Structures are given as structure tokens and as C-alpha cells.
1. How many residues are in contact with a helix residue (DSSP H, G or I) (Cβ under 6 Å, 6 or more places away or on another chain) and farther than 15 Å from V221 by Cα if we restrict to region 129-153?
2. Within the set of pairs 6 or more residues apart or between chains, which connect a residue that is touching a residue at least 12 places away in the same chain (Cβ under 8 Å) and within 14 Å of I87 (Cα to Cα) inside region 313-337 to a residue that is within 16 Å of the ligand (Cβ to nearest atom) and open to solvent by 20 Å² or more (accessible area, probe 1.4 Å) with Cβ atoms less than 6 Å apart?
3. Kindly indicate the residue of region 218-229 that is open to solvent by 30 Å² or more (accessible area, probe 1.4 Å) and either touching a helix residue (DSSP H, G or I) at 6+ places or on another chain (Cβ under 9 Å) or at pLDDT 95 or above (or both) and also farthest from the ligand (Cβ to nearest atom) among those meeting that condition.
4. Select, from D143, D193, the only residue that is within 16 Å of the ligand (Cβ to nearest atom) and either assigned to a loop (DSSP other than H, G, I, E, B) or not β-branched (V, I, T) (or both).
5. Look at region 196-216 and say how many of its residues are within 13 Å of the ligand (Cβ to nearest atom) and open to solvent by 30 Å² or more (accessible area, probe 1.4 Å).
6. Would you call E334 closer than 22 Å to N40 by Cα, away from the ligand (no atom under 16 Å from the Cβ) and open to solvent by 70 Å² or more (accessible area, probe 1.4 Å)?
7. For residues that are open to solvent by 10 Å² or more (accessible area, probe 1.4 Å) and under 14 Å from the mean Cα position of the chain (by Cα), scanning just region 267-280, find the one that is farthest from the ligand (Cβ to nearest atom).
8. Does V259 satisfy being part of a helix (DSSP H, G or I), of a type outside the set (D, E), open to solvent by less than 40 Å² (accessible area, probe 1.4 Å) and closer than 22 Å to V274 by Cβ?
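The values are calculated or read from the model by the stated rules, or taken from the named source; none is laboratory data. All values reported here derive from a predicted model rather than from experimental measurement. We place every Cβ from the backbone using ideal geometry, glycine too, and count neighbours over all the protein chains shown. What goes into the accessible areas is simple: the full protein's heavy atoms, side chains included, and nothing from ligands, DNA or RNA. Shrake-Rupley method; radii C 1.70, N 1.55, O 1.52, S 1.80 Å.
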Amino acid sequence: MTGHAAPGQPAKLNLALRPRRNRRTPWSRRLVQETALTVNDLIWPIFILDGQNRREPVGSMPGVDRLSIDEAVRAAEQGARLGIPAIALFPYTDPALRDDTGSQAFNPENLVCKALRAIKSAVPDIGLVTDVALDPYTSHGHDGLMRGDEIINDETVAALVAQSLNQARAGCDVVAPSDMMDGRIGAIRTALDAANFEHVQIMAYAAKYASAFYGPFREAVGSGGLLRGDKRTYQMDPHNSDEALREVALDLEQGADMVMVKPGMPYLDIVRRVKDEFGAPTFAYQVSGEYAMIMAAARNGWIDGDKAMIESLVCFKRAGCDGVLTYFAPMVAEKLTRGL
Ligand code: PBG
């Protein structure tokens, strides 16, 4: 132990204990490394829009485009080539097609279903994850159905069940409910099983917080300007952590195959608690605002973007994540395959 030195006297150091020894050489640093980031840890979220041959930049997410389905197929091919295990699809829905009940969510010809079919037939070996929530389709921008100012839980769950079945019929591998309604995981599991979709996995956005970091995503799917009020009656309060464990416990009891914490970097304490408590496949979403912050600082020359990208993702692994949803997926995969 180091004693308190009197002013002007050197502290007594125990120099038998030198943690720096293990850090001295690259080979030794590699040897003592506790966690590793690989391409197997990545899920790539992409935005889909209508049309042909279209790539439309998302202003607040430099380097991210909304893609027409043919372009999304190309992205999936690129993802598969890079070894990325799965892609998550998010639609930009024409404002004219949005309504109170999010009826496009149940249309077998909606953008997500068309993209699922196109990608599945062109790139059968990449996993396809679909978002279950009504916000890309509602005129009020909420994830659920509204009565007055209230987001009504049980009616919304019935709608989410219909949305999940619609996506399963179009060929999705994983449904990912991001809506935070109570009881939706059990209801979706029961309905999928009854319709012979026992193999469709559920990745529950189990601990999803009402966060300011979703802003760029809402721009990307076009729901930001529409959103009436906020999502605090269903998404979690950022002050809470025990509550996240309860949410995760409920989703696992109801049949979630994988659980997710969201946002990512400001919530790594939650990831660690969830992983320690349940030992279930645990994911985090490095959300749009996190991506935007790193990209903005990098583009200003304030941080080294590549290094910050890799470091941020390594930290997810260290915190206990089995995988991360990240807009950086193709860039990281590229780097990992070339060697860091
Ligand atoms: C909607 C949904 C959101 C995100 C994923 N699904 C936004 C929200 O809840 O408002 C956010 C993803 C991101 O910010 O990258 N159910």
C-alpha cells in the first residue's frame, strides 16, 4: 500500500506490483485482452424507402442512406460478404400512407414485407430482423394506438401481434418488438407458435428508455416531426435501473429469446446488470444519436472517428453484450476483416 507522504517527501511505492509490465509490448497486450470484438457481434440497421435505385442521405446521420429495396438487397449482399450475421429493417413510410391506426403495418405489401422477400431470395443466409412497433406508420408518431392522449396497451398488443404475423409470413427470422407495451412478448410468442412460426426468434427491446438519443432515427423514418408529446408513458425513465431488470425478467418469462438494452453507451451499466442477473443473450442498440455524435465530432476533426467507433463497440462487449445493433456495422466489419 502507498502511504500518505508528508509534503515534500516522495510517497512509498510498492514497485513489486507493476500492472504496466503486461502492457509493455503488443503481443503481451493481445495476450491479456479480456474481450474481443468480431464481425459476429454486429447487427446492421438499415432504412428502407420506396422506389428504385434510390439512396437518400439521412441529414443527421452522415454516411447513412435510406435505401430503395433493390439497394437494400445490395447492402445485404455487402453485409453477407463482410460476414455480418444479421440486418435490421426500418421503413420510411410516405406520410400519405400514415394513419391513426398504423394500418400499413398489417399490409403484406408494405415496404418491410417487400424488402424481406427480396432480400431473403437474393441473400438467404443473412438473418433478417424486423422492428415491431407502429411508429413508422402512425400519423401521430407513437408506437401504439391512441385514445385521446393515452397510448392504449392491450389494443396495441393485438395490433403488434398482427404486425408480427405479417412480418413472419414475409420471411423475417427475428421479430424485435421495440414498443414497450406490457405483455406483448407472450402474446406475440403464442400467436407465432399457433401459426407455425415456432422457429421465428424474438429479440425483445426489453429495457428501452425514453431517450433524447433517438432524434436522428426519427428523422430517418420520418416520424420525428409527427410525434405528439413524448414516449414517457411506455418507454423507461433514464433514472431507473432496477426497473430494467424487472422488464427483462418479464420478457424472458414470456418467451424472449434475446433481450436488448437501448440506448447503448450511456446505458452500459444496465447491460452489465442484465447480463450478470440473467445470463441470457444480451444485446444493446448503439442508437442514431450515438452514431451522430461520433460522426459529427469525427467530421469536425475533433476525434479520430475510426478509433472512437471501434472503442465504443469494444466497450459494449466488455459491458457484457453478445452483440450490438450499430449503424457502423459495415465500416467496422470492413476494418475487422482487414485487421485493425
Ligand atoms: C421505434 C424505434 C426507435 C428506435 C428503434 N425503434 C425510436 C423510438 O422509440 O422513438 C431508435 C433507434 C435509433 O435511434 O437508432 N419503435
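1. 2
2. G323/F283; A329/W44
3. Filtering region 218-229 for residues that are open to solvent by 30 Å² or more (accessible area, probe 1.4 Å) and either touching a helix residue (DSSP H, G or I) at 6+ places or on another chain (Cβ under 9 Å) or at pLDDT 95 or above (or both), the one farthest from the ligand (Cβ to nearest atom) comes out as G225.
4. D143
5. Counting residues in region 196-216 that are within 13 Å of the ligand (Cβ to nearest atom) and open to solvent by 30 Å² or more (accessible area, probe 1.4 Å) gives 3.
6. yes
7. So, considering only residues that are open to solvent by 10 Å² or more (accessible area, probe 1.4 Å) and under 14 Å from the mean Cα position of the chain (by Cα), the one farthest from the ligand (Cβ to nearest atom) is L268.
8. no
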